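Engineer: Have a look at the structure that comes next, please.
The values are calculated or read from the model by the stated rules, or taken from the named source; none is laboratory data. Computed from a predicted model, the values in this text were never measured in an experiment. As a convention, Cβ positions derive from the backbone with ideal geometry for all residues, glycine included, and neighbour counts pool all protein chains shown. These area figures cover heavy atoms from the full protein model, side chains too; ligands, DNA and RNA do not enter into them. Shrake-Rupley method; radii C 1.70, N 1.55, O 1.52, S 1.80 Å.
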Amino acid sequence: MPEKRLIVGAPDCFDRGVLISRVAALRAEEEERYRRSNPKSQSLARDGRQGFYAGVPMHWMLDWPLPFPLVVADAIGATLRDVDGRTLADFCLGDTGSMFGHSPEPIARAIEEHARQGFSYMLPSAKGLQVGDLLAARFGLPYWQVATTASDANRFALRLARAVTGRAKILIMNGCYHGAVDETYVALMDGHTVNKPGLIGQFEDLTQSTVVIEFNDLPSLERALRTHTIACVITEPVLTNCAMVLPDPDYHAQLRALTRETGTLLLIDETHTISSGPGGYTKRYGLQPDLFVLGKPIAGGLAASVWGFSDDVAAGWDRIRREKAAGHSGIGTTLSANALAMHAIYTTLNELMTDAAYRHMETCAERLARGLESSIVRHQVPWHVARVGARVEFVCERGPLKNGSEAYRAHAPLLEQAIHLALLNRGCLIAPFHNMMLTCQATTVSQVDLLIDSFDEVVSLLVGSAN
Ligand SMILES: Cc1ncc(COP(=O)(O)O)c(C=O)c1O
């Protein structure tokens, strides 16, 4: 069958194998259905406008493809209940913050145990001190620090990398996201490095501090590293914040060899790819980073992150601490490593991030990926599915994708938004900014099948095979 592609200038046209008019029609129908089904959310969302800027406590809560935010009543395991009493199979899981399920029992218990022991005293607790050894044993790096968010941990790790190497620049992969980390906000546009256009209040020219190349592009990597000006390469092992991009088979080995050869540190950000297994992608595939960051789910849904580093980096930090002037180091924040967070990290490592849990998560994710793939094949749309452990993504373009530019071009915002909303109306919540779905210990096979069936129904509506 000939591929259906965009036919510009036609009265109606195909994009990604789907008629644009059908996308618009589906979106309109699903918006109407959403409004009808969520009257309480609608009225609460409107009432909330009095106090919050833009009506929500965090502006990105408006970025879901919904006419108004869905207001949550509660969330347990892999199920979320909204204030209108509808239950949703949750495959967003707080965009990984709740990757081990909502309110997992061990964390609820840890919070109760800790409730009267004090939360924040700027000193270590006995339980908290055990976490260092647990992290070292699990992820293989000898030294660790704790922060409050993955963004903070990345900022601190990059600062340390610059200090230890005495080099000012960092290198990132086009299409990456590492959180609210200023120096990572550049992109490749028509072959040039540019500050990301959506930034607000950006006065510093980030292209002076950051080199950006495409993922999987070894010649560009080598060229950049051989300038011997790069302190650190920061990357996810698999790009998960554009459409999912998997590494070429030899990519990580070459990346490690080139960084070592040029005295460049390698920071692996496992915040999303921890979906790969209890030791992350790093353990599963034998990566050897100098610095390692893990945020989001590490405290079972509470705010915490951890970052680890090698003996050599620690020796560099020792030297700097001996030599530096007194005063702020730039690595801090008061609530980091608070006693409640430490108790939650301890519990997450011991009771949630287990082999058994990951086996279940991966089985569900595999089933989901296979189900979506067969639907794509059956409806003959030029899309594909990518997966890294318990993280699955459907991409409305042929795959696999090779780099961030391809991932950028693969996005089809209007089509994806219509699908998200239609899935939500059928009882399935997926991550809002791309087509990412996560499974957790509490995910059931029937939830997975509901998502597969809903996806199939939505695609058949889009291609017209439902009529
Ligand atoms: C790979 C990666 N690193 C870091 C972050 C930042 O996490 P946080 O927003 O919790 O600081 C994100 C957020 O999506 C991420 O995807």
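Engineer: Where both partners of a DSSP beta bridge lie in segment 105-352, what percent of those bridges are antiparallel, to the nearest 5? Write out the running numbers ahead of the final one.
Structural biologist: Numbers: 14 of 29 bridges.
Looking only at bridges with both residues in segment 105-352, the antiparallel portion is about 50 percent.
Engineer: Is segment 206-258 best put as rounded, prolate or oblate by its Cα gyration tensor, with a ≥ b ≥ c the root eigenvalues, rounded for a/c under 1.5, and otherwise prolate when a/b is larger than b/c, oblate when not? The partial results should precede the final answer.
Structural biologist: Working: a/c = 2.17, a/b = 1.28, b/c = 1.69.
Because a/c hits 1.5 or more and a/b fails to exceed b/c, segment 206-258 counts as oblate.
Engineer: With the other protein chains left in place, how much accessible area per residue, in square angstrom, belongs to the chain at a 1.4 angstrom probe?
Structural biologist: Values: 20740 Å² over 467 residues.
Computed with neighbouring chains in place, this is 44 Å² per residue.
Engineer: Please list Ser465, Ser310 from largest to smallest accessible area, probe radius 1.4 Å, with all protein chains kept in place. Provide the component values of the computation, followed by the final result.
Structural biologist: Values: Ser465 70, Ser310 20 Å².
Sorted descending by solvent-accessible area, the residues read Ser465, Ser310.
Engineer: Roughly how many nanometres apart are two label points built 7 Å out from the Cα toward the Cβ at Asp190 and Asp63?
Structural biologist: Calculated label separation equals 2.6 nm.
Engineer: On each of the three principal axes of the Cα atoms of the chain, give max minus min coordinate, whole Å, ordered largest first.
Structural biologist: If we take the Cα atoms of the chain, the spans are 73, 56, 45 Å.
Engineer: Hey, which of these cross-link pairs are over 26 Å Cα-Cα: Lys196/Lys296; Lys196/Lys283; Lys169/Lys283; Lys196/Lys324?
Structural biologist: On the way: Lys196/Lys296 24 Å; Lys196/Lys283 32 Å; Lys169/Lys283 28 Å; Lys196/Lys324 34 Å.
Where the Cα-Cα span goes over 26 Å, the pairs concerned are Lys196/Lys283; Lys169/Lys283; Lys196/Lys324.
Engineer: What list of ³J(HN,Hα) values in whole Hz, one per residue of segment 140-151 in order, does the Karplus curve 6.51 cos²θ - 1.76 cosθ + 1.60 (θ = phi - 60°) give from phi, with Gly and Pro shown as x?
Structural biologist: Each residue of segment 140-151 in turn: x, 9, x, 10, 9, 9, 10, 10, 9, 9, 5, 4 Hz.
Engineer: Over the Cα atoms of segment 45-113, what Rg and Dmax result, in angstrom?
Structural biologist: Both quantities, over Cα of segment 45-113: 13.9, 41 Å.
Engineer: With θ taken as phi - 60° and the coefficients 6.51, -1.76 and 1.60, list the Karplus ³J(HN,Hα) couplings across segment 251-264 in order, rounded to whole Hz; mark glycine and proline as x.
Structural biologist: Taking θ as phi minus 60°, the curve returns 4, 5, 5, 5, 4, 5, 4, 5, 5, 4, 4, 9, x, 9 Hz for segment 251-264.
Engineer: Out of residues 5 or more away from Met436 or on other chains, whose amide H comes under 5 Å of its own, with H placed 1.01 Å from N in the peptide plane?
Structural biologist: Ala431
Engineer: HN-Hα J couplings of segment 31-42 from phi, Karplus 6.51/-1.76/1.60, θ = phi - 60°, integer Hz, Gly and Pro as x?
Structural biologist: 5, 4, 5, 5, 4, 5, 7, 10, x, 5, 4, 4
Engineer: If we sort 125-132, 266-273 on the protection proxy, mean other Cβ atoms within 10 Å, highest first, what's the order?
Structural biologist: Details: 125-132: 16.6, 266-273: 26.8.
Final packing ranking: 266-273, 125-132.
Engineer: Here's a follow-up. Within segment 105-352, what whole-number % of the accessible surface is contributed by carbon and sulfur, with the 1.4 Å probe and all protein chains included in the calculation? Write down the numbers at each step before the final one.
Structural biologist: On the way: 5850 of 10890 Å².
C and S fraction of accessible area: 54 percent.
Engineer: Using a/c under 1.5 as the rounded threshold, could you call segment 265-336 rounded, prolate or oblate? The axes a ≥ b ≥ c are square roots of the C-alpha gyration tensor eigenvalues, and prolate needs a/b larger than b/c, oblate otherwise.
Structural biologist: Details: a/c = 3.79, a/b = 1.47, b/c = 2.59.
The shape class here is oblate.
Engineer: Moving to a separate point now. Could you rank Arg27, Arg35, Arg322 by how accessible they are, 1.4 Å probe, largest area first? Mind showing how you got there, number by number?
Structural biologist: Working: Arg27 55, Arg35 95, Arg322 180 Å².
Greatest to least solvent exposure: Arg322, Arg35, Arg27.
Engineer: So what does Arg138 come to for accessible area, using a 1.4 Å probe and Å² rounded to 10?
Structural biologist: Around 50 Å² of this residue is reachable by solvent.
Engineer: Could you tell me how many cubic angstrom of Cα convex hull volume segment 208-331 has per residue? Let's see the in-between values first.
Structural biologist: Details: hull volume 18.3 nm³, N = 124.
It is 147 Å³ per residue.
Engineer: Which Rg and Dmax, in Å, describe the Cα atoms of segment 392-467?
Structural biologist: 13.2, 37
Engineer: For segment 105-352, what ratio Rg/Rh do Cα atoms give with a Kirkwood hydrodynamic radius?
Structural biologist: On the way: Rg = 18.2 Å, Rh = 18.7 Å.
Answer for segment 105-352: 0.97.
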